[in-house]
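A short write-up of the structure that comes next.
The values are calculated or read from the model by the stated rules, or taken from the named source; none is laboratory data. Note that the structure is predicted; figures quoted are calculated from it, not measured. Reconstructed Cβ throughout: ideal geometry from the backbone, glycine too, with neighbour counts over all protein chains shown.
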Amino acid sequence: MDQTTPHFDDAPRMTGAGARPPEIAVILPTFNERQNLPIMIERIGRVLAGEDWEIVIVDDNSPDGTAAVARSLAAEDRRIRCLRRIGRRGLAGACIEGLLASQARYLAVIDADLQHDETLLTAMLAKLRGGDVDLVVASRYCESGRQAGLSKNRARASRWSTMLSRSLLDVELTDPMSGFFMIRSEWVHELAPSLSTQGFKILLDIAASAHGRLRVAELPYVFGARQHGESKLDARVALDFGQLLLAKLTNDAVSFRFLLFCLVGLTGVGVHMIALAILHALAPYSFSVDQSLATVIAIAWNFVFNNAFTYRDQRLTGWGFLGGLLEFEVICAVGAISNVGIANLIFGHENIWWIAGLGGALMGAVWNYAVSAAFVWRAH
Ligand code: GDD
Ligand code: MN
């Protein structure tokens with residue numbers, strides 16, 4: 001493989017001790033970009049020639065060995081650094097760590113896969129230096145911005161999410177999904193505690209968390225097609241967006257997982273009724289036996305679907321699956337008992353059947369969710 005190490009002849013002569021931090025940092029999140037990275041770094045070096053810059057590569061221990069490539073580039077030039085994260089994944093989290101790791105005044109985030117037009121960095125820098133802008137966003141949708149590198153479905157998802165962010169989160173950006181922007185470091189440090197490390201909508205998160213306090217400028221660009229490697233975001237785009245939207249709208253009160261958990265629970269109610277109808281028609285047992293069996297079946301259904309979707313990132317397999325199923329049955333049985341107990345209690349006070357029923361069901365759902373999160377799908 002050809003690993004060309006770029007050389008920059010404008011490297012400032014620094015003595016190490018006493019040298020000031022650079023003025024601009026470019027954060028490059030990478031996952032399996034070993035072929036793209038050297039080209040990208042060379043290009044950035046060319047665009048920012050004459051500027052006082054650094055590059056922070058944040059690699060999530062890519063299996064293709066991107067971090068080793070990054071280190072060999074860093075060995076040639078002190079302005080290049082690599083943060084190698086072990087046991088963690090996620091574009092937003094990687095960007096946040098890279099941003100916080102730099103002391104530069106102006107911080108840029110750009111994809112390392114050559115899909116973003118790095119020549120924009122100069123214009124972005126000029127905007128921030130001008131003094132009346134806090135955030136500059138490279139936009140595919142303003143003025144002459146375009147995208148050449150997105151599939152039809154991705155383009156549609158992108159347009160929809162832009163519209164939703166505008167109407168629901170009050171974020172006035174033409175391209176809130178952009179992964180290419182430059183921001184003043186003070187804002188990063190102020191907003192960092194409220195940013196989500198999950199998913200990849202870091203710009204939208206920044207803009208939403210600032211609640212309109214950021215002075216924003218947008219620059220049009222053309223999103224290019226990928227040359228090497230593949231996109232990591234394709235399948236998760238819509239899910240990720242829903243998650244962030246919910247978190248921002250409810251101030252992190254309702255988790256997306258809990259919502260999925262409740263949705264699965266609703267399908268479980270349907271399964272319960274079908275199972276009950278079949279058992280009732282076929283088996284010569286008493287109603288309470290039929291009802292108990294239907295409950296066990298519905299809980300198993302919920303387990304399978306929660307394991308497949310709600311907790312797809314921590315999916316249990318093999319013996320873990322069986323053990324998890326048993327635990328889940330026990331937890332949800334207790335949940336069902338507390339459901340009836342709470343519903344009776346509310347009914348005693350309010351005497352309105354649907355409020356009591358809803359209260360009981362919600363109580364059961366919260367119990368099932370909280371306890372199964374702690375015991376069945378505990379993050380390892
Ligand atoms: N460290 C790290 N960890 N980097 C990651 C991860 C991760 O889990 N996932 C992706 N990256 C890096 C990639 O290596 C690449 O440099 C950059 O983040 C963008 O990832 P892609 O997988 O190429 O994303 P995309 O091209 O499909 O999505 C682009 O368009 C979106 C808007 O539709 C990106 O620009 C997104 O940032 C943007 O939101
Ligand atoms: Mn890409």
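Can we say residue 155 is surrounded by 17 or more Cβ atoms within 10 Å (Cβ to Cβ) and either within 14 Å of ligand 1 (Cβ to nearest atom) or not in a helix (DSSP H, G or I) (or both)?
no
Could you tell me whether residue 140 is over 22 Å from residue 90 (Cβ atoms) and more than 16 Å from ligand 2 (Cβ to nearest atom)?
No.
When segment 68-100 is examined, which residues are found to be more than 10 Å from ligand 1 (Cβ to nearest atom), at pLDDT 95 or above and of a type in the set (A, V, I, L, M)?
Scanning segment 68-100 gives 68, 69, 70, 73, 74, 75, 80, 96, 99, 100.
Restricting attention to segment 274-326, and to residues there that are among the aromatic types (Phe, Trp, Tyr) and surrounded by 16 or more Cβ atoms within 10 Å (Cβ to Cβ), which single residue is farthest from residue 87 (Cα to Cα)?
This residue is 301.
Among (1) of a type in the set (Gly, Ala, Ser); (2) out of contact with any strand residue (DSSP E or B) (no Cβ under 6 Å at 6 or more places or on another chain); (3) within 12 Å of ligand 1 (Cβ to nearest atom), there is one condition residue 139 misses while meeting the rest; what is its number?
(2) is the only condition that residue 139 fails.
Within the group 225, 253, which residue is at pLDDT 80 or above and more than 19 Å from residue 94 (Cβ to Cβ)?
Being at pLDDT 80 or above and more than 19 Å from residue 94 (Cβ to Cβ) holds for just one of 225, 253, which is 225.
Against the conditions (1) out of contact with any helix residue (DSSP H, G or I) (no Cβ under 9 Å at 6 or more places or on another chain); (2) among the small types (Gly, Ala, Ser); (3) free of Cβ contacts under 8 Å to residues at least 24 places away in the same chain, where does residue 212 fall short? Just the number, please.
The failed condition is (3).
Under 30 Å from residue 126 (Cβ atoms) and within 15 Å of ligand 1 (Cβ to nearest atom), is that true of residue 217?
It is false that residue 217 is under 30 Å from residue 126 (Cβ atoms) and within 15 Å of ligand 1 (Cβ to nearest atom).
State the number of residues belonging to segment 228-245 that are within 9 Å of ligand 2 (Cβ to nearest atom) and either over 26 Å from residue 118 (Cα atoms) or modelled with pLDDT under 75 (or both).
1
Filter segment 177-205 down to the residues that are closer than 19 Å to residue 163 by Cβ and in a helix (DSSP H, G or I), then identify the one that is farthest from ligand 2 (Cβ to nearest atom).
The qualifying residue farthest from ligand 2 (Cβ to nearest atom) is 205.
Given the criterion away from ligand 1 (no atom under 14 Å from the Cβ) and of a type in the set (D, E, K, R), identify the matching residue among 166, 226.
Going through 166, 226 in turn, the sole match is 166.
Would you check if there is a residue in segment 137-152 being part of a helix (DSSP H, G or I) and modelled with pLDDT of 95 or more?
no
Just one of 69, 47, 26, 56 is touching a residue at least 40 places away in the same chain (Cβ under 8 Å) and touching a Pro at 6+ places or on another chain (Cβ under 8 Å); which is it?
Result: 69 is the single residue among 69, 47, 26, 56 that is touching a residue at least 40 places away in the same chain (Cβ under 8 Å) and touching a Pro at 6+ places or on another chain (Cβ under 8 Å).
Show the residue pairs meeting these rules: Cβ distance below 8 Å; 6+ apart or different chains; first residue within segment 78-107 and more than 10 Å from residue 59 (Cα to Cα) and of a type in the set (Lys, Arg); second residue more than 16 Å from ligand 2 (Cβ to nearest atom) and part of a strand (DSSP E or B).
So the pair list comes out as 79/53; 79/54; 79/55; 81/54; 81/55; 81/56; 105/24; 105/184.
Would you please name the residue that is farthest from ligand 1 (Cβ to nearest atom), looking only at residues in segment 102-115 that are crowded, with 16+ Cβ neighbours inside 10 Å and closer than 18 Å to residue 185 by Cβ?
105
Determine the pairs where a residue that is farther than 25 Å from residue 233 by Cβ, located within segment 176-193, has a partner that is modelled with pLDDT of 95 or more and away from ligand 1 (no atom under 16 Å from the Cβ) with Cβ atoms under 6 Å apart, the partner being 6 or more residues away or on another chain.
184/134; 185/105
Mind checking which residues of segment 253-276 are within 13 Å of residue 310 (Cβ to Cβ) and in contact (Cβ under 8 Å) with a residue 24 or more places away in the chain?
Those that are within 13 Å of residue 310 (Cβ to Cβ) and in contact (Cβ under 8 Å) with a residue 24 or more places away in the chain: 257, 258, 260, 261, 262, 264, 265, 267, 268.
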